[in-house]
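Enquirer: Just passing along the structure, written as structure tokens.
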Amino acid sequence: MQNKILSLLDFKKIKKSKGFSSLTAALLAIALGLIFGFIVMLIARPSRAIPGFSKVLFGGFRRIGDVFYFATPILMTGLSVGFAFKMGLFNIGASGQYSMGMFFALYAGFMFDLPDGIHWIVCILAGFLGGMIWGFIPGLFKAISNVNEVITCIMFNYIGMYLVDMWVQSNGTMYVSSQTRTDYLPASAQLPSLGIPNSNVNIGFIIAILIAIVLYIILNKTIFGYELKATGFNKFASKYAGINDKRNTILTMVIAGGLAGLGGAFAILAPVSGIAGGSMTYEPINVIAANGFNGIAVALLGNSSPIGIIFSAIFISHIQRGGTLTALNGFKPEIIDIVIAVIIYFTAFSLLMKTALGNFINSHRRRKNRVEDENIGAPTSDDEVVVANQEVRSEGEEA
Amino acid sequence: MENYIIEMLNITKEFPGIIANDNITLQLKKGEIHALLGENGAGKSTLMSVLFGLYQAEKGLIKKNGEEVQINNPGDANNLGIGMVHQHFKLVEIFTVLENIILGVEPNKMGILQKKEAREKVVKLSQKYGLHVEPDALIENISVGMQQRVEILKMLYRDNEILIFDEPTAVLTPQEIDELMNIMRGFTEEGKSILFITHKLNEIMSVADRCTVLRKGKSIGTVEIKDTTKEELSRMMVGRDVNFNLEKKPSVAKDTILSVEGLTVPSQISKKNAVKDVSFDVRAGEILCIAGIDGNGQSELVSAITGLEKFTKGKLTLCGKDITKFNIRNRSKSGMSHIPEDRHKHGLVLDYSLEDNIVLQRYWEPEFQKKGFIKKHEVRSYADKLIKQYDIRSGQGPITTTRSMSGGNQQKAIIAREMDKSYELLVAVQPTRGLDVGAIEFIHKQLIASRDANKAVLLVSLELDEVMDISDRILVIYEGEIVGELDPKATTVEELGLYMSGAKRDEVKESTYAE
């Protein structure tokens with residue numbers, strides 16, 4: 001047992017693991033993105049850059065409940081994109097699936113009359129179903145006739161958004177035309193709040209984290225996850241191994257769609273604090289849900305790993321909350337979109353940076369070796385060269 | 001002081017976790033053919049990449065004609081007169097031969113290409129050295145042999161005097177290999193020096209003057225070819241004696257395991273059929289070899305048999321069961337094992353660990369999964385067992401990422417996987433491609449062991465030595481048709497070569513298959 005704890009603490013082992021290297025890459029990308037954002041703020045309003053930037057960094061802590069609340073939908077869409085990506089599919093259709101899930105949840109919320117404690121669960125499941133349907137169709141096209149999922153997904157983003165807007169506007173029960181938005185949901189359909197004051201954070205956040213853990217288990221412990229990752233890494237080898245990639249493509253897109261749909265459901269079923277009986281509302285204004293695209297950023301930053309995505313979703317939500325506070329210093333909240341964009345940009349370069357960093361460390365080490373060599377004396381004789389080589393080798397083994 | 005044109009002194013090149021070249025010294029005399037021999041992963045390619053400027057060595061120096069030089073990129077190497085024919089040709093497929101040769105050193109006047117000059121020079125060079133090429137043919141339309149001649153002309157066009165050949169004979173027929181050897185001898189008579197990377201001992205014995213042997217990143221020594229033997233070279237390379245004469249009992253062919261009837265497979269690249277109405281049987285206890293020059297339909301034939309590609313006509317019967325319509329998984333379950341042609345594309349998920357790759361064909365069996373959950377413990381112990389049994393070497397054992405393993409060990413992993421599952425038919429496509437002597441010996445022994453265990457083995461090979469040594473029956477494929485059936489004991493490499501090039505065919509044999 002003690003050994004187990006020791007091995008967990010073995011820093012070298014942690015350093016070697018894949019997770020660690022993607023974590024360092026993500027942290028590096030975040031640092032560079034923040035520096036870039038700071039520079040932009042300096043250029044825009046030099047005098048207020050420092051207080052503004054500190055709001056970006058720390059503002060989210062003042063509204064930790066909101067950070068979690070806003071993290072929930074992008075955590076789900078992030079999981080959706082990341083999960084599909086593990087199989088080599090780029091689910092750019094998370095927005096459409098998100099809208100569909102939201103509409104199905106709304107429909108279940110307004111149209112079904114169910115007792116407390118069951119109603120909101122049914123609403124969540126309805127959202128899951130809506131997203132699944134919207135993920136199923138691109139998956140089916142991909143499997144049957146190899147239609148690129150990116151193209152179908154983008155089209156289904158529009159189809160989904162316009163359909164939802166049309167359905168919402170034509171439904172008298174859910175739509176309040178005088179306010180051009182949906183009505184407040186019945187209390188039984190609203191998600192139970194977690195009770196953090198002045199925030200909308202609700203049980204959706206907890207469920208989202210549980211789902212991330214379940215996905216982690218599916219990906220790493222089951223034969224479905226094994227097949228899925230094998231197809232993502234090398235579809236030829238997985239075909240050779242007799243893996244049914246058509247079935248897995250459809251299944252993956254259905255699950256990914258469902259996850260994004262849950263994101264939509266969690267977003268719309270949230271109770272709003274401060275308004276008695278109030279819940280989130282939807283305005284059908286023909287705009288594609290931004291949370292779907294934010295999911296791509298979240299998944300990239302989290303390296304498509306479900307656990308990584310939990311943290312990246314919280315982080316992105318955190319700086320977004322901080323970003324809105326910069327308005328107090330006269331900045332536009334869009335500044336934070338720039339920061340996120342730069343972070344994603346650098347994340348995509350993470351591999352490059354990892355190599356660059358590795359080279360830097362190696363050359364540093366070599367320089368150190370050379371100094372040591374000189375201390376011994378010029379390495380002219382073969383013996384000393386051999387000694388130096390052995391040193392290098394032993395270091396190489398450690399690394 | 002001997003007259004060395006290139007000296008690489010005490011070269012050390014290190015990659016994270018591994019020393020690819022450890023204090024290696026290589027001296028090339030003017031006008032000699034110097035072979036560089038070593039197993040895969042011995043550091044041959046790294047050493048040549050250092051010479052060609054693709055890598056920089058951490059320690060050691062390079063001298064040309066006794067003077068130290070810096071080679072930081074291939075351009076520097078070219079300026080010093082060093083040229084290289086890579087194992088995988090670096091040609092632009094949609095350019096003509098001439099355009100490829102002048103690529104990078106285009107003769108021009110004020111930016112306007114002067115093709116005429118270039119053509120004259122190329123034609124002159126090709127006549128002088130007997131390197132026949134068609135200057136205006138597109139690369140994608142010419143044979144592999146001619147592509148290689150284009151690569152050689154590229155070096156000559158740049159007036160290189162030190163020529164590096166990286167495994168040049170891997171893609172050639174026996175006749176073409178002889179021709180290449182003659183061309184190489186011609187170069188040395190002109191005073192050019194040749195570095196010849198290979199692991200084929202016969203070629204070294206026939207053409208090289210001296211040979212430097214590398215093993216595991218270290219130089220084992222440099223020997224004069226006239227003072228050495230094949231056995232000694234292989235001992236230096238592998239570190240132990242290698243048995244060249246495979247011990248093989250005569251085959252006792254029994255029942256038919258796989259029966260192929262009238263198989264026709266469309267080509268992926270053209271509208272023609274890649275395999276035309278092919279019929280044959282593979283019986284238990286025999287190694288049937290499909291011989292032929294690359295690109296004559298072997299890949300398509302195997303893809304159709306193993307289920308990777310669909311075919312238009314024909315019937316497949318495995319162990320008495322009609323498997324024509326079976327998918328890959330069901331063919332595998334019915335007793336087919338497949339060592340694929342391209343181990344990186346089909347054989348392995350390179351980003352998976354070794355243990356995950358070892359169960360790639362069996363992870364779904366109850367032994368390794370319970371209600372959809374992988375039994376990690378069973379997978380680990382099974383992988384450990386196979387790693388031990390087949391001597392698969394890797395950095396971290398079962399959890400090594402397969403990508404980081406050497407080619408020979410990757411292939412061993414595939415062979416372990418395919419031969420440890422229950423099977424009746426083993427389809428092996430170029431199982432020894434790109435491997436070193438030690439690994440080849442091992443794989444040949446496994447194939448024969450499989451035959452002796454009364455399994456049927458269908459071997460597709462481009463290596464004539466392999467075809468002659470281990471098969472019990474040879475079918476020659478030419479342009480998608482079986483043109484002859486030969487008995488390896490009663491035929492010669494030359495005769496086989498004639499069948500392979502389409503110069504000879506047995507019309508009679510085919511009628512016996514048509515029932």
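The values are calculated or read from the model by the stated rules, or taken from the named source; none is laboratory data. Predicted, not measured: the structure shown is a model, and the values here were computed from it. Here the Cβ positions follow ideal geometry from the backbone for every residue, glycine too, while neighbour counts run over all protein chains shown. Heads up: the accessible areas ignore ligands, DNA and RNA and are worked out on the full protein's heavy atoms, side chains in. Shrake-Rupley method; radii C 1.70, N 1.55, O 1.52, S 1.80 Å.
Enquirer: Calculate one ³J(HN,Hα) per residue across region A:248-265 by plugging θ = phi - 60° into the Karplus curve 6.51 cos²θ - 1.76 cosθ + 1.60, and present them in order as whole Hz with x for glycine and proline.
Expert: 5, 4, 5, 4, 5, 5, 5, 5, 4, x, x, 5, 5, x, 4, x, x, 5
Enquirer: Skipping prolines and chain starts, which residues have an amide H placed within reach, meaning under 5 Å, of the one on B:Val85, given they are 5 or more residues away or on another chain?
Expert: Here B:Ile164, B:Phe165, B:Asp166 satisfy the definition.
Enquirer: Which number gives the lysine pairs in region A:59-334 that have C-alpha atoms under 18 Å apart and are eight or more places apart or on different chains?
Expert: Taking region A:59-334 as the scope, the lysine pair count is 14.
Enquirer: Run lengths n ≥ 4 of DSSP H only: what is the helix-derived mean residue ellipticity at 222 nm for the protein assembly as shown, with -39500 (n - 2.57) per run over all residues, to the nearest 500?
Expert: -16000 deg cm²/dmol
Enquirer: What dipole magnitude, in Debye to the nearest 20, does region B:353-479 give about its Cα centre under +1 on Lys/Arg Cβ and -1 on Asp/Glu Cβ?
Expert: Dipole of region B:353-479, to the nearest 20 debye: 740 debye.
Enquirer: Is the shape of region A:269-342 best called rounded, prolate or oblate, per the rule: a/c under 1.5 gives rounded, else a/b larger than b/c gives prolate, else oblate, with a ≥ b ≥ c the square roots of the Cα gyration tensor eigenvalues?
Expert: Oblate.
Enquirer: Does region A:147-290 come out rounded, prolate or oblate by the C-alpha gyration tensor, with a ≥ b ≥ c the root eigenvalues, rounded set by a/c under 1.5 and, if not, prolate when a/b is larger than b/c and oblate if not?
Expert: The shape class here is oblate.
Enquirer: A further question follows. Roughly how crowded by other chains is peptide B:348-357, in terms of the mean Cβ count from those chains within 10 Å of each of its Cβ atoms?
Expert: 4
Enquirer: Placing unit charges on C-beta atoms (Lys and Arg positive, Asp and Glu negative, everything else neutral), compute the dipole magnitude of region A:59-334 about its Cα centre in debye, rounded to 20.
Expert: Roughly 760 debye, rounded to the nearest 20.
Enquirer: Here is a follow-up. Report, ordered by chain and residue number, the aspartates and glutamates lying within cross-link reach of B:Lys230, taken as a straight Cα distance under 12 Å and ignoring same-chain residues fewer than 8 apart.
Expert: Partners within reach: B:Glu203, B:Asp241.
Enquirer: Oh, and also: Using a 10 Å cut-off on Cβ atoms, rank the peptides B:362-374, B:183-195 from the highest mean neighbour count down.
Expert: Output ranking for B:362-374, B:183-195: B:183-195, B:362-374.
Enquirer: Probe radius 1.4 Å, ligands and nucleic acids ignored: give me the carbon and sulfur share of the accessible area of region A:59-334 as a rounded percent.
Expert: Ligands and nucleic acids excluded, carbon and sulfur reach 66 percent.
Enquirer: Right, next: Which value, in square angstrom to the nearest 100, describes the accessible area buried between chains A and B on both sides, using a 1.4 angstrom probe?
Expert: For chain A against chain B, roughly 3000 Å² becomes buried.
Enquirer: Between A:Ile288, B:Val359, B:Gly502, whose Cα lies farthest towards the positive end of the dipole of the protein assembly as shown when Lys and Arg beta carbons carry +1 and Asp and Glu beta carbons carry -1, centred on the Cα centre?
Expert: So the residue we want is A:Ile288.
Enquirer: OK, next. Residue by residue through A:211-223, how many Cβ atoms from other chains fall within 10 Å of the Cβ on average?
Expert: Per-residue shielding by partner chains comes out at 2.
Enquirer: Next up: Straight distance only, please: which aspartates and glutamates reach the Cα of B:Lys504 with their own Cα at less than 18 Å, same-chain residues fewer than 8 apart left out?
Expert: B:Glu176, B:Asp294, B:Glu479, B:Glu481, B:Glu485, B:Asp487, B:Glu494, B:Glu495
Enquirer: A further question follows. Does the protein assembly as shown come out rounded, prolate or oblate, given a ≥ b ≥ c as the square roots of the eigenvalues of its C-alpha gyration tensor, rounded meaning a/c under 1.5 and, failing that, prolate meaning a/b above b/c?
Expert: prolate
Enquirer: So, one more: Take every residue in peptide A:78-91, count the Cβ atoms of other chains within 10 Å of its Cβ, and give the average of those counts.
Expert: Neighbouring Cβ atoms belonging to other protein chains average 0 per residue here.
Enquirer: OK, next. Accessible area per residue for the protein assembly as shown in Å², computed with a 1.4 Å probe and the full protein assembly in place, what is it?
Expert: 46
Enquirer: Rank these residues by their accessible area, most exposed first, probe 1.4 Å: B:Met84, B:Met205.
Expert: B:Met205, B:Met84
Enquirer: Cross-link partners among aspartates and glutamates for B:Lys115, C-alpha distance below 17 Å, same-chain residues fewer than 8 apart left out?
Expert: Partners within reach: B:Glu99, B:Glu106, B:Glu134, B:Asp136.
Enquirer: Of the peptides A:97-110, B:108-121, B:336-349, B:298-311, how do they stack up when ordered by the mean number of other Cβ atoms within 10 Å, highest first?
Expert: A:97-110, B:336-349, B:298-311, B:108-121
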